[in-house]
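Scroll down for the structure; my scribbles are underneath it.
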Amino acid sequence: MKPGHGEVLIAEGDVELPQDERRLVAEFRRQLDAGLWAAVPLEHTDGRREAMMVRSFTDIPREAERVIFFPRAAGG
Amino acid sequence: MVFALLISALVALALLSDILAPRVSEQWARHRARRRIVSEPMLDPGRERRAEQTARELLRSCVGEEDWAMYRELGFIRVWGSQSNVRSGGVEYAYLIYPHRPIIAYAPQTGRLIGEYCVEFPDDTRPYGSSRLPDSDDVLAKWMALTGDERRLLATANMHMPGRQVDASQVARDLWRLSRWEQARMREIAATLDATSGQPGS
């Protein structure tokens, strides 16, 4: 998520392919190092929706379709 | 004679300099500004609108149809609190998420307002000169942070008494609108079920 832009695709790839996975891991770290938070939107079998905050690449479910990065929260 | 005129001219020039100097300086600054290459991003009136449109699509894809309909029709999303009351079997509290306004905590059983959680998601890199996310991105960021790690978000937020930034009477009206909206939605679902099962509606 970016001000003035909305959603921006940062990287995409197949985690089953080692080359893609290395690139995705590097990008994931870069975003977190830049101070962003990362979340994976989930849909449960009963239709309930929620997000899962992830702090490392290994936290991301293998079947996750996307990870959303957004600016970290600050007291308003 | 010439010397006297020269002295008079110098005195007059000195007296006028107080008046002329600022104007000359201003004209020079304007001249320089016109020639300077402007590195600021060009103003694009449609950018914010396009960003919001993109953000709405992303929000819709994450929160699901019901919450999306709630946001589209009411302007906010209700998120249930994660800690339920064992004795009543119900949810003790819930939140209303508005774009770029504090998160409102309230008791769904009574409608009593609990507090305001003031939180922002500023992008310090300020792309396009603004640190503010589009409205729907702000809602989605709150939704993800609340459903993903409620405690962490609330620990970050500044908590205030109800009514500090969001008018309590407006929240009460929104809760009333929400209850009406949910009733109408239930009726629609019931009617659809009746129609699909072939039974006449009551």
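The values are calculated or read from the model by the stated rules, or taken from the named source; none is laboratory data. Bear in mind that the values here come from a model prediction, so they are computed numbers and not experimental data. Heads up, the Cβs are rebuilt from the backbone with ideal geometry, glycines too, and the neighbour counts pull from every protein chain shown. Each accessible area value is taken on the protein alone, full model and side chains, heavy atoms only, with ligands, DNA and RNA left out. Shrake-Rupley method; radii C 1.70, N 1.55, O 1.52, S 1.80 Å.
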Considering only segment A:58-76, state which residues are in contact with a strand residue (DSSP E or B) (Cβ under 9 Å, 6 or more places away or on another chain) and basic (Lys, Arg).
-> A:66, A:72
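For residues that are part of a helix (DSSP H, G or I) and either surrounded by fewer than 22 Cβ atoms within 10 Å (Cβ to Cβ) or more than 10 Å from every other protein chain (Cβ to nearest Cβ) (or both), tally how many sit in segment B:131-148. Break it down into steps so the answer makes sense when it comes.
As a first pass, look at segment B:131-148 and keep what is part of a helix (DSSP H, G or I): B:135-148.
Those left that are additionally either surrounded by fewer than 22 Cβ atoms within 10 Å (Cβ to Cβ) or more than 10 Å from every other protein chain (Cβ to nearest Cβ) (or both): B:135, B:139, B:148.
Residues meeting the conditions: 3.
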Qualifying position, being touching a residue at least 24 places away in the same chain (Cβ under 8 Å) and of a type in the set (D, E, K, R), among A:72, A:30 | A:72
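Does segment A:20-33 include one or more residues that are surrounded by 14 or more Cβ atoms within 10 Å (Cβ to Cβ) and under 20 Å from residue B:155 (Cβ atoms)? Before the answer, list the steps.
Taking segment A:20-33 and keeping what is surrounded by 14 or more Cβ atoms within 10 Å (Cβ to Cβ), we get A:20-21, A:23-25, A:27-28, A:31-32.
If we keep only those that are under 20 Å from residue B:155 (Cβ atoms) as well, we get A:32.
Checked against the condition, which is being surrounded by 14 or more Cβ atoms within 10 Å (Cβ to Cβ) and under 20 Å from residue B:155 (Cβ atoms), segment A:20-33 yields at least one hit.
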Has segment A:52-73 got at least one residue that is more than 14 Å from chain B (Cβ to nearest Cβ), over 22 Å from residue B:136 (Cβ atoms), open to solvent by less than 40 Å² (accessible area, probe 1.4 Å) and of a type in the set (Phe, Trp, Tyr)?
-> no
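Do we find that residue A:38 is within 11 Å of another protein chain (Cβ to nearest Cβ), under 27 Å from residue B:126 (Cβ atoms) and not polar (S, T, N, Q) in this structure?
Yes; evaluated as a whole, the condition is true for this residue.
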Among B:101, B:151, which is the only one that is open to solvent by 20 Å² or more (accessible area, probe 1.4 Å), under 25 Å from residue A:54 (Cβ atoms) and modelled with pLDDT of 90 or more?
-> B:151
Name the residues in segment B:104-127 that are out of contact with any helix residue (DSSP H, G or I) (no Cβ under 9 Å at 6 or more places or on another chain), open to solvent by 30 Å² or more (accessible area, probe 1.4 Å) and more than 13 Å from chain A (Cβ to nearest Cβ), would you?
-> B:109, B:110, B:112, B:114
Inspect segment B:48-69 for any residue being open to solvent by less than 30 Å² (accessible area, probe 1.4 Å), at pLDDT 90 or above, aromatic (Phe, Trp, Tyr) and touching a Leu at 6+ places or on another chain (Cβ under 6 Å) and give the result as yes or no.
-> no
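When residues of segment B:163-176 are filtered for being on the phi < 0 side of the Ramachandran plot and either open to solvent by less than 80 Å² (accessible area, probe 1.4 Å) or among the acidic types (Asp, Glu) (or both), how many remain? Working first, answer last.
Residues of segment B:163-176 on the phi < 0 side of the Ramachandran plot: B:164-176.
From the residues that got through so far, the ones that are either open to solvent by less than 80 Å² (accessible area, probe 1.4 Å) or among the acidic types (Asp, Glu) (or both) too are B:166-172, B:174-175.
So the answer is 9.
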Selection count where residues are more than 30 Å from residue A:43 (Cβ to Cβ) and either facing chain A (nearest Cβ under 8 Å) or not in a loop (DSSP other than H, G, I, E, B) (or both), scope segment B:149-172 = 7
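Within the bounds of segment B:180-187, is there any residue that is closer than 28 Å to residue A:37 by Cβ, outside any loop (DSSP other than H, G, I, E, B) and in contact (Cβ under 8 Å) with a residue 12 or more places away in the chain? Step through it out loud before you land on a result.
Step one: list which residues in segment B:180-187 are closer than 28 Å to residue A:37 by Cβ, which gives none.
No, segment B:180-187 contains no residue that is closer than 28 Å to residue A:37 by Cβ, outside any loop (DSSP other than H, G, I, E, B) and in contact (Cβ under 8 Å) with a residue 12 or more places away in the chain.
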Among what's in segment A:1-19 and is of a type in the set (Val, Ile, Thr) and closer than 23 Å to residue A:58 by Cβ, pick the residue that is least open to solvent (accessible area, probe 1.4 Å).
-> A:15
